[in-house]
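The structure under discussion appears below in the form of structure tokens.
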Amino acid sequence: MAGHEAFAYASNGGNAADAYRKAYPRCKSAPAAETNGSLLLRNTEVAARISEILRRGAERAEVTVEQVLRELAKIGFSDIRKAVAWRNEMVAREDEEVRKGEDGVVHVTRVLLPRVSIVPSEEMDPDIAVAIAQISQGPNGEVRVRLHDKHAAFVSIGKHLGMFTDHFKVDAVYGISEEPMSAEEWKKRFVKEG
């Protein structure tokens, strides 16, 4: 059972084959490690021990499911407009080629330029600050703001809530039924009498 305990710690909710190889280093075959690791994950005692190890780790880290869901919700429901403001602005620009006309007047061209500004950090909503993955400034002064992946956050929340399942139910369509057909019914429907 010592190997099972090592497997439970090594799995840490991750890849079963890798955990099996860590717990049983003599296993050199990848298919064997995958098969045996998968079997151990289905063992109720091992699965219960893994759950206990993960739960205790979360308790030590003082992390709760509620906290994780709240942080994921901040990312999922984030709105870039709370971090960045943008608008078009009419700007007067002197024409470089013809600074003065024949009449001595400086020619000015009006152009519409996009203006982007980041909300100052001291004014930013803490919930949107959590959702920001990166703010960077390039060598030419261009600024880039990237939020964390909203889709991944929603998928994680949905999985926790049981919104997405790998199981599906087949509805009775075209005479297919969930209940097996008796031999007598089958004969009535499909056997033609001579």
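Readers should treat all values here as calculations from the given coordinates under stated rules, not as data from a laboratory. These figures come from a predicted structure and were not determined experimentally. Positions of Cβ are backbone-derived with ideal geometry, glycine not excepted, and every protein chain shown enters the neighbour counts.
Okay, here's what the table says:
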{"quantity": "Translational diffusion of the range 2-60, µm² s⁻¹ [Kirkwood Rh, Cα pairs; Stokes-Einstein; 10 °C; 1.306 mPa s]", "calculated": "142"}
{"quantity": "Debye, to nearest 20: dipole size of the range 2-60, +1 on Lys, Arg Cβ, -1 on Asp, Glu Cβ", "calculated": "140"}
{"quantity": "Förster radius 22 Å - calculated FRET efficiency between Val63 and Ala133, Cβ distance, rounded to 0.05", "calculated": "0.60"}
{"quantity": "Formal net charge of residues neighbouring Gly138 (Cβ-Cβ distance under 14 Å; K, R +1; D, E -1)", "calculated": "+1"}
{"quantity": "Projected label distance in nm at Arg42 and Lys159, using a 7 Å step from Cα toward the beta-carbon", "calculated": "2.1"}
{"quantity": "Separation in nanometres of the label points that stand 7 Å from Cα toward Cβ, at Asn15 and Ala85", "calculated": "4.8"}
{"quantity": "Amide H within-cut-off set for Val84, under 5 Å, with H built and near neighbours excluded", "calculated": "Val119"}
